[in-house]
1. If the reach is capped at under 18 angstrom between alpha carbons, list the lysines near residue A:264, excluding any in the same chain fewer than eight residues apart.
2. How big is the gap, in Å, between the Cα center of segment A:218-283 and the Cα center of segment B:163-200?
3. Sum -39500 (n - 2.57) across every DSSP H segment of at least 4 residues in chain A, then divide by the residue count to get the 222 nm mean residue ellipticity, nearest 500.
4. Let me make sure I get this right: for segment B:3-140, a, b and c are the square roots of the gyration tensor eigenvalues over alpha carbons, sorted descending. Under 1.5 in a/c it's rounded, otherwise prolate if a/b > b/c, else oblate. Which is it?
5. For a test of understanding, tell me how many lysine pairs in segment B:3-140 have Cα atoms under 29 Å apart, given they are 8 or more places apart or on different chains.
6. Loop-only GluC sites (Glu not before Pro) in segment B:199-281, please: DSSP not H, G, I, E or B, and at most 13 other Cβ atoms within 10 Å.
7. Rounded, prolate or oblate: which one fits segment A:154-308, using the alpha carbon gyration tensor with axes a ≥ b ≥ c (rounded when a/c is under 1.5, else prolate when a/b beats b/c, else oblate)?
8. Suppose we keep just the alpha-carbon trace of chain B; what are its Rg and Dmax in angstrom?
Number of protein chains: 2
Amino acid sequence: MNEFELIANLTKSLPTNQNVLVGAGDDCAVLDFGVPDKLLLFKADAVVEGLHFTKDTPPEKIGRKALARCLSDIAAMAGTPTAALVTIGLPKRFEPEFIGKIYGGISALAEKFGVAIVGGETTANPDRIFISIALLGTVLRGKQILRSGAKAGDAIFVTGELGGSLAGKHLEFEPRLAEARWLAEHFPIHAMIDLSDGLAGDLRHILKAGGVGAELLKTAVPVSRAAKLQARTSARTKPAFTAALTDGEDFELLFTIAGGDAVKLLDAWKREFPELKLSCIGKIVAGGGVTIRDKNGARTLNEHGYVHFT
Amino acid sequence: MNEFELIANLTKSLPTNQNVLVGAGDDCAVLDFGVPDKLLLFKADAVVEGLHFTKDTPPEKIGRKALARCLSDIAAMAGTPTAALVTIGLPKRFEPEFIGKIYGGISALAEKFGVAIVGGETTANPDRIFISIALLGTVLRGKQILRSGAKAGDAIFVTGELGGSLAGKHLEFEPRLAEARWLAEHFPIHAMIDLSDGLAGDLRHILKAGGVGAELLKTAVPVSRAAKLQARTSARTKPAFTAALTDGEDFELLFTIAGGDAVKLLDAWKREFPELKLSCIGKIVAGGGVTIRDKNGARTLNEHGYVHFT
């Protein structure tokens with residue numbers, strides 16, 4: 001058992017109560033507080049200097065990213081964000097103006113999505129900036145979409161384009177809130193997640209939660225220009241398709257829907273969101289694991305997201 | 001303007017919306033989600049290695065403290081905690097067993113107070129453990145107690161004994177949840193706060209929020225045994241009374257109530273909570289600032305909590 005498996009085990013036996021519909025393990029917790037038509041969504045996430053941003057990242061973008069990551073988790077449940085708390089751990093020496101700009105980035109994005117910032121605590125974290133945001137949202141009762149629910153025969157869809165997020169998108173992505181709510185309102189979506197760890201890794205969460213497998217069509221996976229450019233110009237050897245599978249922080253929506261609804265969904269999507277690509281990248285199959293099909297046949301994707309060539 | 005004043009200023013102009021009854025600046029945010037008889041309380045707080053605990057602190061107590069601090073904030077609003085999210089920043093090298101015990105400390109206290117842990121995220125914080133907890137609770141509509149509301153003529157009360165928390169209490173304090181709810185249910189409490197920064201500092205929050213001042217009776221302030229022992233035996237020169245005024249992390253309740261209700265409250269308290277001291281330590285007066293009265297007369301308490309002897 002490795003360290004993160006241990007932590008996964010620990011979070012399985014956490015205390016619960018009658019308010020909890022979904023606890024640890026989905027994009028957000030789902031709580032019932034007795035609001036007549038709504039359930040509450042509850043999520044916390046952190047960004048850390050040196051990991052999610054650098055000393056050179058513009059402070060507005062640091063703040064923006066910290067909140068946008070949480071908003072993307074609310075989107076993954078088809079919810080609407082409402083109120084956030086910001087906790088910042090600050091090094092011993094910091095520029096007040098810099099912190100002001102971090103708050104500015106958080107506030108600008110919050111206003112765009114109607115989110116109230118209802119608390120702003122600071123503490124010390126002597127070696128680096130650490131920002132933790134807790135976000136509350138709502139979802140119409142019965143309209144929440146979980147990671148579980150994928151069924152054999154489902155079509156697998158992904159919004160936008162994947163890979164190469166570190167070139168810039170990880171600081172500027174748009175949480176797909178309106179898109180996710182529209183999906184939940186108009187179509188019986190079976191399972192949904194936001195892509196934070198990469199398509200290969202996050203697809204496995206859906207497969208594990210549903211007890212199913214997936215077959216992806218290589219040519220259908222939308223590879224971003226950034227991933228292609230990096231594969232051509234940078235020293236790293238990761239091919240663009242591998243980047244699309246394994247790069248983190250795309251923050252696009254990955255979801256499944258009955259195969260029979262796929263064409264109707266694609267047509268309606270093009271009318272509603274003409275600017276945002278929606279791609280059907282494969283199908284859910286019985287069993288487990290991920291295979292990738294191209295003109296040379298089917299290959300198995302291993303646990304780390306890389307294509308296994310035997 | 002110093003750095004923390006800047007941050008205080010920043011948090012004054014944060015975005016809000018129609019769900020927010022109380023935003024940044026009280027012990028918890030108070031939110032209205034349309035639950036028929038209840039309002040929601042929302043709070044986040046962090047503990048950081050080297051500041052709130054050390055490398056030698058038993059891990060169960062680290063976890064316990066992280067949650068207990070948030071519970072104390074819910075208590076300060078007369079609320080009931082419901083669900084928490086745990087975010088842990090972990091150094092590069094850590095013992096899974098140690099993290100398991102931190103979770104154990106959180107979970108044990110959560111179970112005691114009926115709190116569900118609905119998410120447990122980990123991220124990296126290479127240099128030290130950083131634990132941020134977000135907590136949701138409820139309070140009966142109209143029964144929430146804010147920091148504002150103190151009026152000239154109010155009696156000022158404090159639970160327990162103050163000072164010397166670092167000797168051990170800061171890891172083992174009991175959040176005064178039942179006591180606060182009982183107070184709100186049975187008496188018209190005007191203002192309440194939990195003592196995290198020390199009596200002198202936290203009293204000023206109540207005074208500032210109410211636009212009033214306070215006069216404390218020196219002999220009425222309950223000085224803890226730990227503070228007295230430290231004043232006698234340790235090398236530090238802080239007298240025990242100063243420790244009771246200025247030491248942080250007591251996590252007792254400080255509240256005010258109309259002077260005419262004070263005796264009735266004390267009598268009822270002794271019957272309800274015979275084990276926990278409740279002290280009337282002074283009164284709210286018009287104007288501002290804090291004076292301390294003893295047999296030699298009245299002295300002004302300066303902004304840093306120390307008695308000013310001129």
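What follows draws every value from the coordinates through simple rules; no lab data is involved. Just so it is clear, the structure is predicted and the values come from calculations on it, not from any experiment. No Cβ is skipped: glycine too gets one built from the backbone with ideal geometry, and neighbour counts run over all protein chains shown.
1. Partners within reach: A:277, A:283.
2. Between the Cα centre of segment A:218-283 and that of segment B:163-200, the gap is 53 Å.
3. -9000 deg cm²/dmol
4. Numbers: a/c = 2.34, a/b = 1.45, b/c = 1.61.
Taking the square roots of the gyration eigenvalues as a ≥ b ≥ c, segment B:3-140 is oblate.
5. 23
6. Values: sites: B:215, B:249, B:252, B:272, B:275; in loops: B:249, B:252, B:275.
Counting only loop positions with at most 13 other Cβ atoms within 10 Å, the GluC sites (Glu not before Pro) in segment B:199-281 are B:275.
7. On the way: a/c = 1.72, a/b = 1.16, b/c = 1.48.
Oblate is the answer for segment A:154-308, as a/c is 1.5 or above yet b/c matches or exceeds a/b.
8. Just the Cα atoms of chain B yield Rg and Dmax of 19.6, 59 Å.
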